[in-house]
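For reference, the structure discussed in these notes is given below.
The values are calculated or read from the model by the stated rules, or taken from the named source; none is laboratory data. No experiment lies behind these values; they were computed from the predicted model shown. Using ideal geometry, Cβ is built from the backbone for each residue, glycine included, and neighbour counts are taken over all protein chains shown.
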Amino acid sequence: MNLLKPIGVYLLLMRQVLSRPDRWRIFFKRLSTELYAIGVDSFGIVAIISLFTGAVVAIQVAYNIDNPLLPKTLIGFSTRQMIVLEFAPTMISLILAGKVGSSIASEIGTMRITEQIDALDIMGINSANFLIFPKLVAAVLINPVLIIFGMYIGIVGGYFVSTFTNLLTPSEFIGGVQLDFESFTVFYALIKTVVFAIIIITIAGFQGYIVKGGSIQVGKASTKTVVYSSVLIILFNLLLTQIFLT
């Protein structure tokens, strides 16, 4: 029963969140703000993480296939596959769960304890829809862009470290990246990204919306957001991989 109650509250809240906005003009204004807050502000950290992740992946692949019988193009091929299939969508989503998720939980939680949400409800505004829905739409739209950007930067990182350290020639790395490319892998990664974006925003919004107490509870809500989102991302990563790749 202790598990079923929060799940029921979460589902009821999502019903409010996914209702039709009262004023579309205000919704689009908030959407543009959230696109910047969730997406544009995250490009820097995504670039840094992706660049060094791609470099590390390329070095590790080169170390593990150090065999004269194996073509060096496998370094570029394996780097691309690992970045596109797993590291970009999953690792970046976990980072966003910490950066974006905790921020949203703190923002909405603070509004709850300062009675701003109560004021919206008294004015007849659907506060759950007003606060969470624009963030959800923004994340679903911008997170795939962040992941594609992360894929590109990750492969660039692998390219630089491979060529500058003489692991292989630029043409060998690029040939490996182009080897047996299937567009479905990118589609699969973007499907995961959208699911992870929904998890991050809805869990963060839920944890912030139900806060009771003071600033300590807001901090706990932020922590729970990161923990729960990370666990669900890993769980759904397994489920989606099982569905699409087997």
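At a glance:
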| quantity | calculated |
| --- | --- |
| Residue in region 140-157 that is touching a residue at least 12 places away in the same chain (Cβ under 8 Å), within 19 Å of Lys212 (Cβ to Cβ) and surrounded by 23 or more Cβ atoms within 10 Å (Cβ to Cβ) present | no |
| Subset of region 139-174 that is small (Gly, Ala, Ser) and within 12 Å of the chain's Cα centre (by Cα) - its residue that is nearest to Lys29 (Cα to Cα) | Ala139 |
| One residue from Ala197, Ala204 being in contact (Cβ under 8 Å) with a residue 24 or more places away in the chain, closer than 16 Å to Met14 by Cα and touching a Ser or Thr at 6+ places or on another chain (Cβ under 6 Å) | Ala204 |
| Sole residue being assigned to a helix (DSSP H, G or I), among the aliphatic types (A, V, I, L, M) and touching a residue at least 12 places away in the same chain (Cβ under 8 Å), chosen from Ile174, Ile216 | Ile174 |
| Residue within region 170-181 that is modelled with pLDDT under 95, surrounded by 22 or more Cβ atoms within 10 Å (Cβ to Cβ) and of a type in the set (S, T, N, Q) present | no |
| When residues of region 27-36 are limited to those that are free of Cβ contacts under 8 Å to residues at least 40 places away in the same chain and of a type outside the set (Lys, Arg), the one nearest to Gly101 (Cα to Cα) | Tyr36 |
| Candidate set: region 182-218, residues that are among the small types (Gly, Ala, Ser) and surrounded by fewer than 15 Cβ atoms within 10 Å (Cβ to Cβ); chosen: the one nearest to the chain's Cα centre (by Cα) | Ser183 |
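Condition check ((1) more than 30 Å from Thr73 (Cβ to Cβ); (2) touching a helix residue (DSSP H, G or I) at 6+ places or on another chain (Cβ under 8 Å); (3) modelled with pLDDT under 90; (4) not aromatic (Phe, Trp, Tyr)) across all residues:
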| position | (1), (2), (3), (4) |
| --- | --- |
| Ile104 | yes, yes, no, yes |
| Gly124 | yes, no, yes, yes |
| Pro144 | no, yes, no, yes |
| Gly150 | no, yes, no, yes |
| Gly158 | no, yes, no, yes |
| Thr163 | no, yes, yes, yes |
| Leu167 | no, yes, yes, yes |
| Ile191 | no, yes, no, yes |
